[in-house]
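Colleague: If you scroll down you'll find the structure; I have some questions about it.
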Amino acid sequence: MRMCEGRGSACPFPTAWSIEAIVSLDERGQILIPKEVREKVGLRPGDKLALISHTTKEGELCYFMLVPSDKIIESTREFLGPLLKDLIKE
């Protein structure tokens, strides 16, 4: 089931990975997401992003990704919804 077809749809499992841009931290520790990337993925000023990290067992950072927080919320609801309904029935 493909779920990444439109803003606001949940996207729990990526269908492909790509490097969209190479960015740098500025002196304040901030990252600028290039305009072309923001437009491509539909990010607007004020959008909330969750920073999700993947680390080794030793705590070393492998990578991190930025995910629109609304997608995290939707994915969580889709995953937990059926489980919560089962718990409520018991």
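Colleague: Hey, what do the phi angles of segment 30-47 turn into as Karplus ³J(HN,Hα) couplings, whole Hz, using 6.51/-1.76/1.60 and θ = phi - 60°, x for Gly and Pro?
Modeller: Whole-Hz 3J(HN,Hα) from phi for segment 30-47: 9, 10, 9, 7, x, 3, 4, 5, 4, 5, 4, 9, x, 7, 10, x, x, 4.
Colleague: Next question, about the same structure. How far is it, in nm, from the label point at Ile22 to the one at Ile52 when both lie 7 Å from their Cα along the line to the Cβ?
Modeller: Between Ile22 and Ile52, the label points sit 2.6 nm apart.
Colleague: Largest first and in whole Å, give the semi-axes of segment 49-89's equivalent ellipsoid, each being the square root of 5 times a Cα gyration tensor eigenvalue. It would help to have the intermediate numbers written out before the result.
Modeller: Values: eigenvalues 158, 45, 5 Å².
The answer is 28, 15, 5 Å, longest axis first.
A short reminder: the numbers here are calculations on the coordinates, not readings from a lab. This structure is a prediction, so every number in the text was calculated from the model and none was measured. Quick reminder, even Gly has a Cβ in these numbers, built from the backbone with ideal geometry, and neighbours come from all protein chains shown.
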